[in-house]
Amino acid sequence: MDARLQKRYLHLVNGHLSVVQAIAAGIKALPAAGSAFAATQATWRFFANQRVTLGALVTPLRQLGQQSCAASDSPYALIVHDWSKLDYDGHASKADLVRLSNARDWGYELTTALLVDAASGAPLAPLGLAVRAADGVHTTEADTPQRRRSHLDQVLPWMQASRGWDLPRTPVHVIDREADSVKHLRR
């Protein structure tokens, strides 16, 4: 990422920082933006830029995770794997929706590898993200859309990728009961 693009990226990221609780949901107002429309247009232009990759966007989050993890009192770092449905029923303008659970359930599927402080349980940073859309799975681990995998078949590649995230603590991967599969646990 060149210096000009990185400056825009940092401005965009800093615009979302606030003093509210770390796990509070929602986008924060951008400082010094002339209007909501101007901020939205600037964000759209940034994300439409072909030089901005998901891998580049996740790099500062991983750096934050490394720093936060190093400050932890625990010798372990929890990486929580989870999947969420992003429902967009009735959004005719979205041409890349996928069928989620039934014929009337359309949207996207978000996969997250979230770093959590093992001592306090506080979320530290998302280290990996993937969104399933009609053209494949867009992930922080690849520059092109990947083929769809079952939830359990996604876990091992995330575990292998986490070795390259340079965490200063021993990672422990946490998955809910959905991952209760002896075959996958043995892998």
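The values are calculated or read from the model by the stated rules, or taken from the named source; none is laboratory data. Being a predicted model, the structure only gives us computed values, none of them experimental. Don't worry about glycine lacking a Cβ; one is built from the backbone with ideal geometry, like all the others, and counts go over all protein chains shown.
Points worth noting:
- All of Ala130, Ala118, Ala142 fail the test of being surrounded by 14 or more Cβ atoms within 10 Å (Cβ to Cβ), within 17 Å of Leu54 (Cβ to Cβ), touching a strand residue (DSSP E or B) at 6+ places or on another chain (Cβ under 7 Å) and assigned by TED's automatic domain parsing to the domain that holds Asp73, apart from Ala130.
- Reported count of residues in segment 118-147, each being under 18 Å from Ala71 (Cβ atoms) and either out of contact with any helix residue (DSSP H, G or I) (no Cβ under 7 Å at 6 or more places or on another chain) or free of Cβ contacts under 8 Å to residues at least 24 places away in the same chain (or both), is 6.
- Taking every residue in segment 85-106 that is in the same structural domain as Arg149 (by TED's automatic domain parsing) and pairing it with any residue that is at pLDDT below 85, at least 6 positions away or on another chain, the pairs with Cβ-Cβ distances below 6 Å are Trp106/Asp89.
- Residues satisfying the stated conditions in segment 56-113, i.e. at pLDDT 90 or above and among the aromatic types (Phe, Trp, Tyr): Tyr76, Trp83, Trp106, Tyr108
- Given (1) under 22 Å from Gly164 (Cβ atoms); (2) part of a strand (DSSP E or B), number of the condition Leu61 does not satisfy: (2)
- Among the residues of segment 120-141, those identified as aliphatic (A, V, I, L, M) and either closer than 22 Å to Ala95 by Cα or touching a Leu at 6+ places or on another chain (Cβ under 7 Å) (or both) are Leu124, Ala125, Leu127, Leu129, Ala130, Val131, Ala133, Ala134, Val137.
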